[in-house]
Amino acid sequence: MLPNFLIIGSQKAGTTSLYHILKEHPQIYMPDTKEVNFFFKDDAYARGPEHYATHFADAASQVALGEASPGYICHPEVPARIHALLPDAKLILTVRDPIKRAISQYWDNRRHLNEPLTFAQALDVYLSDDYQPGKVGYFSRGVYMRYIRRYLEYFPRENLLVLPFEEMISTPEDFYRQIFTFLGVDEDFTSEDFDEAFNPTEVWKNPFYQILLRRPRYQKKVPAKLRRLFYWGRKMRFSAPPIDEASHAKLVEFYKPWNDELRNFLGKELKDWA
């Protein structure tokens, strides 16, 4: 048994919340593993469709079977891989203001002590619109139309639902109703978790971890295998600080043509995007 829909992205654009809500719907089956990554990871793909099908072995009579792997959107080989196995699959893509998305991914690496550069330094090193698997993609992951065009080479437009992440926050009932309608399941399903953040950002409060978090250059002095030793004690919610004005202006200019093309493609304004 194989899925008939996929959540293909985007990273840091609400896919965890979307996964949990869809998992609650009685007519939708989602595997316990959120990011199966079958089409994204070469070693997983090499294990073949039979291995992929094991993730859906417990599905019963649900109308829609799917999985959520946000890396699918930008990997250059994934659209062809999906089409070869699931040529009629419905695809769901959430898109987020690419500047806020990049900041979120950057700070996710910072809080996991895997980024020794400041944001301005990372911008100088990694700014590119060309995503390369295995490389840092803070900024290339946000050029959504490049990847949408690639998918449309294999799938008809009606098989692709693109929704702004911001609508998940501002109008969650309408956001999820569009998805239920797209998947052909009961669109009147509601959940108390529509407003729930399933992946809140937290950091450890202990002073040793905080030093490495606040002064990223010190992360180089600690071997990667030992950094988890600083993951202890109480946690607290964390909000990323604003980036400097020069970096923000540079990213606004960088993303403008991509965002304009996406607005034209969707035929709607993208509220709260830079």
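The values are calculated or read from the model by the stated rules, or taken from the named source; none is laboratory data. These figures come from a predicted structure and were not determined experimentally. We place every Cβ from the backbone using ideal geometry, glycine too, and count neighbours over all the protein chains shown. These area figures cover heavy atoms from the full protein model, side chains too; ligands, DNA and RNA do not enter into them. Shrake-Rupley method; radii C 1.70, N 1.55, O 1.52, S 1.80 Å.
Hey, which lysines would be in cross-link range of LYS41, C-alpha to C-alpha under 17 Å, not counting anything within fewer than 8 residues on its own chain? Those lysines meeting the cut-off are LYS135. Neighbours of PRO26, meaning other residues whose beta-carbon lies under 14 angstrom from its beta-carbon, give a summed charge of -3 when Lys and Arg score +1 and Asp and Glu score -1. Leaving out ligands, DNA and RNA, what percent of the accessible area of the chain is carbon and sulfur, probe 1.4 Å? C and S fraction of accessible area: 49 percent.
Ranking THR33, THR190 from most to least accessible surface, computed with a 1.4 Å probe over the protein chains only, gives THR190, THR33. Of the whole protein surface, PHE265 contributes about 60 Å² of accessible area at a 1.4 Å probe radius.
How high is the relative contact order of segment 182-274, in percent, with contacts defined as C-alpha pairs under 8 Å that are six or more residues apart? Computed value for segment 182-274: 28 percent relative contact order.
Averaging the sequence gap over all C-alpha pairs within less than 8 Å and six or more residues apart, then dividing by the number of residues, gives segment 1-151 a relative contact order of 31 percent.
Taking Lys and Arg as +1 and Asp and Glu as -1, the other residues whose beta-carbon sits under 10 Å from that of GLU261 total +3. Put TRP232, TRP258 in order of accessible area, highest first, and with a 1.4 Å probe you get TRP232, TRP258. Segment 114-144 and segment 250-268 have Cα centres separated by 18 Å. Mean projected area of the convex hull spanned by the Cα atoms of the chain, taken over all viewing directions: 15.2 nm². Top mean-square fluctuation among VAL143, VAL252, VAL125, Gaussian network model of the chain, C-alpha springs under 10 Å? In this elastic network of the chain, the residue with the biggest mean-square fluctuation among VAL143, VAL252, VAL125 is VAL125.
In this structure, the residue pairs whose Cα-Cα separation is over 19 Å, taken from LYS100/LYS256; LYS12/LYS268; LYS34/LYS100; LYS23/LYS90, are LYS12/LYS268; LYS34/LYS100. Projecting label points 7 angstrom from Cα along Cα→Cβ for ASP58 and ALA274 puts them 4.2 nm apart.
Compare ASP188, ASP129, ASP108 in a GNM of the chain, Cα atoms joined below 10 Å, and give the one with the largest fluctuation. Fluctuation is largest for ASP188. With Cα atoms defining each centre, segment 39-69 and segment 11-30 are spaced 15 Å apart in the structure.
Per residue, segment 1-60 exposes 44 Å² of accessible surface when a 1.4 Å probe is rolled over the protein heavy atoms with every protein chain present.
Only Cα pairs under 8 Å and 6+ residues apart enter the sum, and on that basis the relative contact order of segment 110-193 stands at 13 percent. Across segment 10-112, the volume of the C-alpha convex hull divided among the residues equals 120 Å³ per residue. Shown are ILE211, ILE243, whose ranking by accessible area with a 1.4 Å probe and every protein chain present, most to least, is ILE211, ILE243. Solvent-accessible surface of segment 74-228, averaged per residue with a 1.4 angstrom probe and all protein chains in place: 48 square angstrom. Using a cut-off of 13 Å between beta-carbons, work out the net charge of the residues near LYS235 (Lys and Arg +1, Asp and Glu -1, LYS235 not included). Its environment carries a net charge of +3.
Less than 17 Å apart at the alpha-carbon level, and either on another chain or at least 8 residues along: which aspartates and glutamates does that give for LYS235? List returned: ASP108, GLU202. Solvent exposure of ASP260, expressed as accessible area, is near 50 Å², computed with a probe of 1.4 Å over the protein chains only.
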